[in-house]
Amino acid sequence: MNKAIIVTGGAGFIGGNFVLDWLATSDVTVINLDCLTYAGNMENLASLEGDARHIFVKAGIGDSVVVRGLFEKYQPCAVVNFAAESHVDRSIHAPEDFIQTNIVGTFRLLEAARNYWNTLADEDKAAFRFLHVSTDEVYGSLKKDDPAFSEENKYEPNSPYSASKAASDHLVRAYHHTYGLPVLTTNCSNNYGPYHFPEKLIPLIITHALAGKPLPVYGDGQQIRDWLYVVDHCRGIRRVLEAGRVGETYNIGGWNEMANLDIVHIVCDLLDEFRPREDGKSYREQITFVTDRPGHDRRYAIDATKIEKELGWKPQETFQTGIRKTIQWYLDNPEWVANVQSGSYRDWVEKNYAERG
Ligand code: NAD
Ligand code: TYD
């Protein structure tokens, strides 16, 4: 078994941040398996050009022939599975891709990992890890005064996205219990930070504000999410990979619950400070309340006690420090923003918001 890991979905938002963070602190080669959907972007990895420690393979996790070949060729000591369809609104419009990638794709990846793992010597078998990156959305929606999600919460997914992630989590669990595959699962809250695709709330608000467009707030804007800076999530995953107990699930979150409208206000106020509007008015003027998302989960919150106590992980950024870094990154990278706002992105924005009135 070599010192190499397979990272799937490593051209996306969190996967890309993970690969950059990994190679900034380790010389273990990354085999980056990503089929480059609309959300995959090689520009996220531009700083790794010419770096022999990063091997990019353009293929889907469901492509068993390619995936089997990668296991045989590179003999990895771990797989970190980020690859997924990840946007709730898209899952409402078109669930099929979510079933194919998140469920069927994860199943095929597990099969390839299991077949490879069975060929390993005992010591390598014991050291191998399959880490599955999942979401807090599998636990469903909390009421205002409910305790935050712990690893013991039952699964109650409400959107096609969260249902498909829940199914993949169950498959991962089953591969451990049935076949002994050494798996780990992480369930994380909402991430934000550099390279976040501007279909998601925070980058959408930043980019729309700067473009002078309406800032769409779904429903009453009082839905609560628990925001975590993406690099803190990546560090949490590394820590779980290093020291997590096989077969266990770890919740990762920022202890940072905020209502969507408060998030939008903070982003507007920081943009007022960093890049004031020419007319001297606040970006808050652009806020527009639009029709709510069907089945919209009211509140997510993570109880991160287990990963803190067992593995000593804690977020390093507060929301105040992380959001300033994030906004600065978007201001410093207008070309990245312009390039991702391609034809298909514009089609999506038109489709999603036209119907909301
Ligand atoms: P993303 O949509 O930004 O990126 C997904 C990446 O996966 C893209 O590069 C895409 O090209 C690739 N991909 C899609 N289908 C693929 C397939 N069949 N084979 C190979 N590659 C494929 O997603 P993200 O926000 O970076 O999320 C990464 C993972 O983290 C997902 O599993 C998601 O469920 C989970 N997660 C996300 C958040 C969040 O706030 N974004 C929070 C918790 C968990
Ligand atoms: P999103 O970034 O899509 O993440 P998720 O649905 O996985 O939590 O949305 C975060 C919250 O912001 C969610 O409650 C929906 C809301 N939202 C808006 O109010 N307006 C928007 O334009 C978008 C994309 C999301």
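Every number here is computed from the coordinates shown, using simple stated rules; none is lab data. Being a predicted model, the structure only gives us computed values, none of them experimental. Glycine also receives a Cβ, built like all others from the backbone with ideal geometry; neighbour counts cover every protein chain displayed.
The table for this structure:
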item	result
Residues that are over 26 Å from residue 126 (Cα atoms) and away from ligand 2 (no atom under 16 Å from the Cβ), drawn from the range 1-16	11, 16
Pair list, Cβ under 6 Å, 6 or more apart: the range 155-178 residue of a type in the set (Phe, Trp, Tyr), other residue part of a loop (DSSP other than H, G, I, E, B)	175/181
The one condition in (1) part of a helix (DSSP H, G or I); (2) surrounded by 20 or more Cβ atoms within 10 Å (Cβ to Cβ); (3) not basic (Lys, Arg) that residue 79 fails to fulfil	(1)
Condition check for residue 269: part of a helix (DSSP H, G or I) and among the acidic types (Asp, Glu)	yes
Number of positions in the range 107-131 that are surrounded by 15 or more Cβ atoms within 10 Å (Cβ to Cβ), out of contact with any Phe, Trp or Tyr (no Cβ under 9 Å at 6 or more places or on another chain) and not in a helix (DSSP H, G or I)	2
Residue list for the range 38-62, restricted to those being over 15 Å from residue 7 (Cα atoms) and either within 16 Å of ligand 2 (Cβ to nearest atom) or out of contact with any helix residue (DSSP H, G or I) (no Cβ under 8 Å at 6 or more places or on another chain) (or both)	38, 39, 46, 49, 50, 52
Search result, residues across the range 102-126 that are in contact (Cβ under 8 Å) with a residue 60 or more places away in the chain and β-branched (Val, Ile, Thr)	103, 106
Some residue of the range 38-58 being of a type in the set (Ser, Thr, Tyr), farther than 20 Å from residue 198 by Cβ and touching a Phe, Trp or Tyr at 6+ places or on another chain (Cβ under 8 Å)	no
Enumeration of residues in the range 254-290 that are under 30 Å from residue 314 (Cβ atoms) and not aliphatic (A, V, I, L, M)	254, 255, 256, 257, 260, 262, 265, 268, 269, 273, 274
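Condition check ((1) more than 10 Å from ligand 1 (Cβ to nearest atom); (2) in a helix (DSSP H, G or I); (3) basic (Lys, Arg); (4) touching a Lys or Arg at 6+ places or on another chain (Cβ under 6 Å)) across all residues:
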residue	(1), (2), (3), (4)
198	yes, no, no, no
202	no, yes, no, no
216	yes, no, no, no
231	yes, yes, no, no
234	yes, yes, no, no
